[in-house]
Amino acid sequence: MTRKNFSLLIFILILFGFALWSIVPFNTKLLGPDGLRLGLDLKGGSQLLYEADLSKKSSSITDEEAMAAVIMKIQRRVNEYGVAEPMIQKEGTDRILVQLPGIKDISRAINLIGETGMLYFAEQEFDEDGNPVFKDEPAKAINKDGNEEELTGKYLKRAWQDLGAYNEPLVRFEWDSEGAHLFEQITERNLHKQLAILVDEKVISAPVVQAIISDSGQITGSFTLDEVEDLVTQLNSGALDVPLALIDQRDVDATLGADSVRKSILAAEIGLILLLLFMFLYYRLPGLVACVSLGIYGIVLLAIFKLFHANLTLTLPGIAAAILSLGMAVDANILIFERVKEELRDGRTLGAAVEAGFNRAWPAIRDSNITTFIACIILFWLGGTFGAFMVRGFALTLFIGVALSMFTAIVVTRTFLRFIVNTRLVVNPTAYGVKT
Amino acid sequence: MIDFVGKKKWFFLLSALVIIIAITSLAAFKLRPGVDFTGGTSMTLRFTPQVEQEQLRQEFTNLGHPEAIVQMSGGDFLVRLKEISPQERESLTEGLETSLGSEIIARDYNTISASIAANTARNAGIAVMIAAVAMLFYIAWAFRRMPKPFRWGACAIIALVHDVLIVMGIFSILGRMANVEVSAMFITGLLAVVGYSINNTVVAFDRIRENMVKGINSDFAVTVNSSLLETLARSLNTSLTTLCVILALFLFGGSTIHLFVAVLLVGLLSGTYSSLFIAGPLMVTWEKGEWGQLFSWVPFGKKPV
């Protein structure tokens, strides 16, 4: 046996051992709280019901328009937060139903979604006793068209998080040209005076204006990192057009129904057993080797989903991709074995037939898998831009699955077969499915 | 030796017929959109004594609402279904109470909007089309040493469109005949069909490419035919193994994923068929410039030369 093959064998065994270690014991580690993150369709999560106060909407838009705008902004916030495939619906005329897959910090999600994220500034004035107080209304200035306009978050070009001089988390922002025009007048008017920064009608900080600034600024306060992150998300998604109140919160089971999901998992297991049986009966020894490498494929795929559960949520589109990539993994093995059989029938020795089989099958596996990769990359990228997030989940899982299936067929199966052939464990061609 | 390529006109005829029916049905009936896309009525029900989730779902189907999505929340059932009038609501809840032998003690009805924006399906379609163009270019590049590499890409994409149209057409007909509705799951299933179809065709093409390089026969039709025969075992075995999983899911899986599995099933059959009987033979027709004959071979037309 060659050294290279031996080290590959060791590598595969270590990889398999690590994957197995990361998911076993099955129930506590794979399905426990830190295990696979399953989506709303497979596991359920939380349902939040918000009620919008439509009396606070601006008179220039209808109720429907206000609700549609709020739903769109909530969608953006939830996506930004990294929740896979939430369900957001309008209920009745003034309520919004949000279903999120199980996330750890639900109260953070509630605030992120429900707070308006309204940003404005308030100037100082003096009450009748001569004490300085902040005005009760947003600071205004004259816009480019010559009208008086409130300076709010809608003039933001973008906001992002940063760290200040003492490593304190803060939010930086940049105005668009109209916002810069307004901000310049307000800072000029309030030079060396206090100017309050308000988010959701709460004073976040009230710095003294040190210079006339126009295009950018920062918001400091006693923020935690999470708070800064959420505020940035809210500012970038745009302020909600009407305030929301959370009126109901409850846990919900899978949209596909927990009972149905259980049955389907059982069905998939039956299907897999049939598949493995078929492979073994038809291809004999190589089929058995393929079963082992498909087993490794399955365990490693599960381990990837478990180890990256912070970023990977498994939903039905992911399952579709997993089935498809499993099919491709089987296909790659079948392609190779059919080639090996052909070579054996042509009278080659076992060792030569295995090598030739892999080399001949390689272009087909390479080209079909690269074609799939290209489709995955485009679907992932466009799925994100177009807001078709299930397309994105599908593409990501398929990419991982196909890459792994290629590894399984080309590296794992080949290493095992070489090992068996080189050590002359089994040499009878009948074991390779060829009649002698 | 079986002559697939020689019988290609029959395969084309069969596919053409199915696709014409598919397109006609899609144009006339479209696809029946599910609650995901249309919105509808949501209700919160609590039964005493408690009923089983599967039982309740079955009763909704029996009472003419197979589209109902039944979710559990504590002891309550959250149900989303097609928009129904207050009268329909009454008869529906009465029907549930009698058939389940249980009383509904809490109920709450609301109209709900679509949970998936109408343009999601369209955007997914656009994404797939752009991906198809990219795949066409890659296949053309992968087959760059072959004469006229773009034909290979084009034929693979034609086989892909063939499969997608057949799946959509069948579900359009099912929508009309059996009220089958398409949900987000349908889009997911279609994406898998796209992946399966292209993968299968590329593998078949690879064999033709290899045999072209070997120069097994100067006649392109013979080369394609023997390549298809050589990959036949692999094609059937791959389909059979995938079929094992899909069929098991279809027969024993939960009722809520039936539609999804059905899409995969139809796509698998169509994808296997098109990679063998459409993509390769189409290459031959193109190579031989037999497009003109495509109409003369209609059985009741004049005999082909």
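The values are calculated or read from the model by the stated rules, or taken from the named source; none is laboratory data. Predicted, not measured: the structure shown is a model, and the values here were computed from it. Note that we place each Cβ from the backbone using ideal geometry, even for glycine, and neighbour counts take in every protein chain shown.
Structure values in brief
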{"item": "Residue in region A:362-373 that is at the interface with chain B (Cβ under 10 Å from one of its Cβ atoms), touching a Ser or Thr at 6+ places or on another chain (Cβ under 8 Å) and modelled with pLDDT under 90 present", "result": "no"}
{"item": "Test for A:A329: is it more than 9 Å from chain B (Cβ to nearest Cβ), within 30 Å of A:A258 (Cα to Cα) and not hydroxyl-bearing (S, T, Y)", "result": "yes"}
{"item": "Considering residues of region A:167-190 that are touching a Lys or Arg at 6+ places or on another chain (Cβ under 7 Å) and over 16 Å from A:L235 (Cβ atoms) only, the residue surrounded by the fewest Cβ atoms within 10 Å (Cβ to Cβ)", "result": "A:E178"}
{"item": "Residue in region B:268-292 that is surrounded by the most Cβ atoms within 10 Å (Cβ to Cβ), counting only those that are closer than 28 Å to B:L247 by Cα and among the hydrophobic types (A, V, I, L, M, F, W, C)", "result": "B:A279"}
{"item": "Residue within region B:84-99 that is among the polar types (S, T, N, Q) and either buried (at least 18 other Cβ atoms within 10 Å of the Cβ) or within 12 Å of chain A (Cβ to nearest Cβ) (or both) present", "result": "no"}
{"item": "Residues (farther than 17 Å from B:L240 by Cα and either free of Cβ contacts under 8 Å to residues at least 12 places away in the same chain or assigned to a strand (DSSP E or B) (or both)) located in region A:311-336", "result": "A:T313, A:L314"}
{"item": "Any hit, region B:203-215, residues being outside any helix (DSSP H, G or I) and either without any contact (Cβ under 8 Å) to a residue 12 or more places away in the chain or assigned by TED's automatic domain parsing to the domain that holds B:I157 (or both)", "result": "yes"}
{"item": "Lone qualifier among B:V203, B:V182, B:V193 - being away from chain A (no Cβ under 13 Å) and among the hydrophobic types (A, V, I, L, M, F, W, C)", "result": "B:V182"}
{"item": "Cβ-Cβ under 9 Å pairs, at least 6 apart or on other chains, region B:91-112 side closer than 24 Å to A:L49 by Cα and at pLDDT below 85, far side among the polar types (S, T, N, Q) and not in a strand (DSSP E or B)", "result": "B:R107/B:T93"}
{"item": "Counted residues, region A:86-116 - those being touching a residue at least 40 places away in the same chain (Cβ under 8 Å) and assigned to a strand (DSSP E or B)", "result": "9"}
{"item": "Top-ranked residue in region A:191-226 [being hydrophobic (A, V, I, L, M, F, W, C) and not in a strand (DSSP E or B); ranked as surrounded by the most Cβ atoms within 10 Å (Cβ to Cβ)]", "result": "A:F223"}
{"item": "Count - residues of region B:57-76 that are surrounded by 14 or more Cβ atoms within 10 Å (Cβ to Cβ) and within 10 Å of chain A (Cβ to nearest Cβ)", "result": "7"}
{"item": "Residue list for region A:344-388, filter: surrounded by fewer than 22 Cβ atoms within 10 Å (Cβ to Cβ), outside any helix (DSSP H, G or I) and on the phi < 0 side of the Ramachandran plot", "result": "A:D346, A:R348, A:T349"}
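A quick yes/no check of all residues on (1) in contact with a helix residue (DSSP H, G or I) (Cβ under 7 Å, 6 or more places away or on another chain); (2) at the interface with chain A (Cβ under 7 Å from one of its Cβ atoms):
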{"position": "B:T120", "(1), (2)": "no, yes"}
{"position": "B:G125", "(1), (2)": "no, no"}
{"position": "B:L136", "(1), (2)": "yes, no"}
{"position": "B:F143", "(1), (2)": "yes, no"}
{"position": "B:P149", "(1), (2)": "yes, no"}
{"position": "B:A159", "(1), (2)": "yes, no"}
